[in-house]
Amino acid sequence: MNANGETIIEVNHLVRRFGDRAVLDDISFNVHRGDTLVIMGGSGCGKSTLLRHMIGSMKPTSGSVKLFGEEVTGMSEREIERVRLRFGMLFQSGALLASLTVGENVALPLLQHTDKSPDQIEEIVKQKLQMVGLTGFEDLRPDEISGGMKKRVGLARALALDPELLFSDEPTSGLDPIMTAVVDELTLNLTKGTHMTAVVVSHDMTSAFRIATRMIMLGHGSIVAQGTPDEIRNSPNPEVQQFIHGKPDGPIPLNLSQDEHEHHQYVKPRPFAWARGRFHGRTR
Amino acid sequence: MKNYLLLNLSILYWIFIAPFKGQFFKIAPIFRQMVFIGVRAAPMVALTAFSVGVTLAMQAAHSLESLGAQIYIPDLVMLTLLREMGPVLIAVIVIGRSGSAVAAELGTMKVSEEIEALEVMAINPVQYLVVPRVFAMLVMLPALTIFGNYIGILGGWAVCRYALDFNTAGYVLRALESAETWDLYSGMIKSVVFAWLIITIACNAGLNVEGGAEGVGQSTTASVVESLLAMLVMNAILTGIFFFSA
């Protein structure tokens with residue numbers, strides 16, 4: 001849609017291996033300003049790992065990730081903090097600090113990174129909470145609100161510094177259909193109105209097709225299909241069709257054996273695994 | 001071990017270098033942690049110290065009686081408390097109560113992605129979470145030790161006053177006469193060193209938790225055991241340096 005806009009994210013030949021298993025295998029794509037990229041794929045296909053590489057909290061085995069034109073893979077902690085001020089991130093669980101109230105959570109980035117007065121901060125917190133439909137929840141603690149509310153507070157916190165780029169890890173899972181629509185609407189308004197760029201990891205196909213301007217489907221650590229929502233919807237690839245229509249039968253296997261699972265997902269070697277193996281009659 | 005050393009370097013950076021680069025640490029969280037780590041541990045410290053004072057006096061009474069030297073009971077209570085029992089036992093209480101709590105709290109934050117969320121918000125977890133706890137511990141453990149010493153000496157007094165034929169003035173004078181300021185200072189130095197060990201080991205355990213609730217439990221236990229061992233070994237080393245070398 002915005003193919004000629006400024007490139008915000010550039011991922012080039014990204015490879016991440018754990019041991020000899022490639023969790024991400026040669027992934028390349030670009031995201032332009034104002035785009036909403038939806039990354040989808042089955043559980044354990046590397047979506048979250050990909051996201052963690054994009055926010056610079058994991059280092060790839062090889063390949064490059066550029067945010068705002070700057071290479072983040074080789075950056076020091078200090079340099080990466082500067083880039084992180086320009087984007088917000090919504091975690092799957094919300095990741096609110098349990099020791100702070102809802103309002104203090106949203107205010108945290110403002111208190112740490114701006115010189116705004118307490119009154120201004122209170123005003124911004126109110127406004128951000130209103131955006132996610134949580135007016136008047138400032139003084140509650142995270143353990144007093146539901147999972148879906150936590151996620152919306154997480155979104156308000158991610159938006160506190162008015163980021164140019166928003167990463168969301170399953171923003172709508174656990175929300176009711178109305179709240180899903182509200183969050184989608186919010187994402188759309190921000191990308192259309194303020195030219196924010198969004199990268200959303202989602203299982204929710206209704207929501208994905210509502211907000212996406214580009215989509216990527218991951219499988220076994222590589223890109224199965226990518227394109228506009230229409231291209232994905234009309235994709236001849238049977239894996240894509242099975243996934244977006246949520247069919248139990250198709251090329252994506254229903255039950256992975258343990259070996260296959262270990263092949264797709266890194267399993268941390270346990271200490272003395274060789275000894276355990278012997279007791280279980282396995283050789284190594 | 002590598003993580004532990006890196007954490008120590010990072011704490012030193014945030015305490016000694018970052019303030020001169022305009023990133024001064026905030027005062028309010030330090031006080032909050034002081035209440036949590038120190039003030040709330042005071043009742044337990046008082047009970048422990050009182051029991052230890054009473055026990056020391058009773059044992060001393062028993063042993064010194066045969067020598068006819070019961071007059072030295074206050075000396076023994078005072079010196080043992082100031083030099084060894086005060087710093088060590090109060091550190092044990094603080095490890096069990098506050099060290100484990102810090103490890104469990106940071107561990108829970110780690111497994112619920114809170115630490116990662118801080119990093120993504122460009123907030124350094126060492127600066128935001130660890131440094132206030134380090135300051136709180138460095139202030140509160142010596143403070144609790146002084147408090148515990150008082151209570152312990154009170155315990156010794158209770159035995160001498162009510163079970164033996166001491167009068168209060170005699171006990172106080174004898175106790176004050178026996179101790180030198182160095183006895184107090186050596187205990188204070190020990191307790192500052194213990195404070196650093198306890199809080200860094202607890203924070204390191206918490207920040208390196210892996211794998212859910214079970215991981216938090218394991219790390220917390222490990223932090224308590226490691227703190228105890230490190231503290232006792234360090235105590236032997238410091239006693240050697242302070243009282244045995246010259």
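The values are calculated or read from the model by the stated rules, or taken from the named source; none is laboratory data. Nothing here was measured: the structure is a model prediction, and the numbers come from that model. Using ideal geometry, Cβ is built from the backbone for each residue, glycine included, and neighbour counts are taken over all protein chains shown.
Please verify whether the range B:106-113 includes one or more residues that are under 30 Å from A:VAL106 (Cα atoms) and free of Cβ contacts under 8 Å to residues at least 24 places away in the same chain. Yes: one or more hits. Of the numbered criteria (1) under 25 Å from B:ALA205 (Cα atoms); (2) of a type in the set (Ser, Thr, Tyr); (3) modelled with pLDDT under 90, the one B:THR145 fails is (3). Has the range B:2-20 got any residue that is assigned to a helix (DSSP H, G or I), small (Gly, Ala, Ser) and within 27 Å of B:ILE93 (Cβ to Cβ)? Taking every residue of the range B:2-20 in turn, none turns out to be assigned to a helix (DSSP H, G or I), small (Gly, Ala, Ser) and within 27 Å of B:ILE93 (Cβ to Cβ).
Residues of the range A:111-158 that are modelled with pLDDT under 90, in contact with a Lys or Arg (Cβ under 8 Å, 6 or more places away or on another chain) and under 25 Å from A:THR197 (Cβ atoms): A:VAL132, A:GLY133, A:LEU134.
Checking B:ILE11, B:ILE27 one by one, the residue that is within 26 Å of B:THR145 (Cβ to Cβ), modelled with pLDDT under 90 and not small (Gly, Ala, Ser) is B:ILE27 and no other. Taking only the range A:193-219 into account, find how many residues are without any contact (Cβ under 8 Å) to a residue 60 or more places away in the chain and under 22 Å from A:ASP162 (Cβ atoms). So the count comes out to 2. In the range B:116-170, the residue that is farthest from B:TRP14 (Cα to Cα) out of those that are of a type in the set (Phe, Trp, Tyr) and either within 14 Å of chain A (Cβ to nearest Cβ) or assigned to a helix (DSSP H, G or I) (or both) is B:TYR162. Search the range B:170-217 for residues being among the polar types (S, T, N, Q) and surrounded by 15 or more Cβ atoms within 10 Å (Cβ to Cβ), and hand back the single one that is farthest from the chain's Cα centre (by Cα). If we take residues in the range B:170-217 being among the polar types (S, T, N, Q) and surrounded by 15 or more Cβ atoms within 10 Å (Cβ to Cβ), then B:SER178 is farthest from the chain's Cα centre (by Cα).
Answer yes or no as to whether A:ARG233 is surrounded by 23 or more Cβ atoms within 10 Å (Cβ to Cβ), out of contact with any helix residue (DSSP H, G or I) (no Cβ under 6 Å at 6 or more places or on another chain), within 13 Å of A:VAL38 (Cβ to Cβ) and of a type in the set (D, E, K, R). So A:ARG233 does not fit the description; no. The test for being within 14 Å of another protein chain (Cβ to nearest Cβ) and either surrounded by fewer than 24 Cβ atoms within 10 Å (Cβ to Cβ) or closer than 30 Å to A:LYS151 by Cβ (or both) does not hold for B:GLY96.
Here the range A:68-99 is the region considered, the condition is being in contact with a strand residue (DSSP E or B) (Cβ under 8 Å, 6 or more places away or on another chain) and within 10 Å of another protein chain (Cβ to nearest Cβ), and the residue that is nearest to A:ARG152 (Cα to Cα) is A:LEU90. Of the residues A:LEU140, A:LEU175, the single one that is more than 14 Å from chain B (Cβ to nearest Cβ), crowded, with 20+ Cβ neighbours inside 10 Å and not in a helix (DSSP H, G or I) is A:LEU175. Scanning the range B:67-81 for residues that are touching a Phe, Trp or Tyr at 6+ places or on another chain (Cβ under 9 Å) and surrounded by 20 or more Cβ atoms within 10 Å (Cβ to Cβ) gives B:ILE73, B:PRO74, B:VAL77. The listed residues are B:VAL209, B:VAL216, B:VAL224, and the only one of them that is in contact with a helix residue (DSSP H, G or I) (Cβ under 9 Å, 6 or more places away or on another chain), touching a residue at least 60 places away in the same chain (Cβ under 8 Å) and in a loop (DSSP other than H, G, I, E, B) turns out to be B:VAL209. Conditions first: (1) farther than 24 Å from B:TYR13 by Cα; (2) in contact with a Lys or Arg (Cβ under 7 Å, 6 or more places away or on another chain). A:MET58 passes all but one, so which condition is the exception? For A:MET58, the failing item is (1).
Does the range A:178-196 contain at least one residue that is out of contact with any strand residue (DSSP E or B) (no Cβ under 7 Å at 6 or more places or on another chain), buried (at least 22 other Cβ atoms within 10 Å of the Cβ) and either within 14 Å of chain B (Cβ to nearest Cβ) or part of a loop (DSSP other than H, G, I, E, B) (or both)? So far as the range A:178-196 goes, no, none of its residues is out of contact with any strand residue (DSSP E or B) (no Cβ under 7 Å at 6 or more places or on another chain), buried (at least 22 other Cβ atoms within 10 Å of the Cβ) and either within 14 Å of chain B (Cβ to nearest Cβ) or part of a loop (DSSP other than H, G, I, E, B) (or both).
There is at least one residue in the range B:51-73 that is outside any helix (DSSP H, G or I), free of Cβ contacts under 8 Å to residues at least 24 places away in the same chain, more than 14 Å from every other protein chain (Cβ to nearest Cβ) and within 25 Å of B:PHE166 (Cα to Cα).
Quick one: would you say B:ALA101 is assigned to a helix (DSSP H, G or I), farther than 30 Å from A:LEU159 by Cα and away from chain A (no Cβ under 13 Å)? When the stated conditions are applied, B:ALA101 does not pass them.
The residues of the range A:100-116 that are facing another protein chain (nearest Cβ under 8 Å) and either without any contact (Cβ under 8 Å) to a residue 24 or more places away in the chain or within 19 Å of A:THR172 (Cα to Cα) (or both) amount to a single one, A:GLN112.
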